[in-house]
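None of the figures in this text is laboratory data; all of them are computed from the coordinates on show. Computed from a predicted model, the values in this text were never measured in an experiment. We place every Cβ from the backbone using ideal geometry, glycine too, and count neighbours over all the protein chains shown.
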Amino acid sequence: MYETQKPEPGSEQLKTFDSLTGLLDRRSFNEALHLCEEKIPGKFTIAFIDLDGLKKINDTEGHVKGDEYIQGAAHAMSDVLRATDLIALTQASESGRIGGDEIGVIFKDVSKSEDINEIVTRVREGFKEKGIKASIGTASHQLEENSSETLHRADEAMKRDKEERKKKELEAKSRLQRLMMGGAKILLKGAGVYDPRIHG
């Protein structure tokens, strides 16, 4: 069962954090990942999360709104995850200003599929409440692999989730267009109007 836990005393002392969100930075995330591989092999899960639409927000509404979007995601995750779950903003621009849309999470002592599914559901619900869309991929560490391989599998799972979500959105738009065309045909037929673009 995925339950709330308190952080271990002194566990935050050597970690460094992102100033925008308060999440761990990439360096601390990598260090924590290697430590989990050493201390609890086969007993942790990685989630890789990509915030959809951040580039569009930055381009159309400005970086202030983009920062607010990232902060909203950070707050949503902090609200629904355990204190022992390690959340990090894993991508930054070369200048050091946070400009990425990638978040990594390490779930200690989580490897069962039902617990992982519960985690993903919690995160998606938290994002939905704040109007945030994201693609999520997870991978549990296997004893025969290193943590970099686990991270790669989580990344690939995230990419598959993104493609599946895009496909569903396109299918939904297509269904809506067909319904609208059908409605237009009925209206035009009732009005005795012929439009080759619709009736053809």
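The simple Förster model, with R0 at 45 Å and r as the Cβ-Cβ distance, assigns LEU143 and ASP79 a FRET efficiency of 0.85.
In nm, give the distance between the simple-model label positions of VAL120 and PHE17, each being 7 Å from the Cα along the Cα-to-Cβ direction. Placing both labels 7 Å beyond Cα along the Cβ direction yields 2.9 nm. Take the cross-link list LYS112/LYS173; LYS56/LYS162; LYS108/LYS167; LYS112/LYS162; LYS43/LYS167; LYS56/LYS166 and give me the ones stretching past 25 Å between alpha-carbons. Cα-Cα > 25 Å for LYS112/LYS173; LYS108/LYS167; LYS43/LYS167; rest within. From the Cα gyration tensor of segment 26-162, with a ≥ b ≥ c the square roots of its eigenvalues, which class applies: rounded if a/c is under 1.5, or else prolate if a/b is larger than b/c, or else oblate? Prolate, since a/c reaches 1.5 and a/b exceeds b/c. Label 7 Å along Cα→Cβ of ILE40; segment 146-181 residues with amide nitrogen under 20 Å? Once the point is set 7 Å along Cα→Cβ of ILE40, 146-155 turn out to lie under 20 Å by backbone N, inside segment 146-181. Here the gap between LYS112 and MET180, fully extended at 0.36 nm per residue and compared with their Cα-Cα distance, gives a gain of 20.0 nm.
If a spin label sat at a point 7 angstrom from the Cα of GLU171 along the line to its beta carbon, no backbone N atom of segment 114-135 would be nearer than 14 Å. Peptide packing: for 106-117, 65-76, the average count of neighbouring Cβ atoms within 10 Å per residue gives the ranking 65-76, 106-117, highest mean first.
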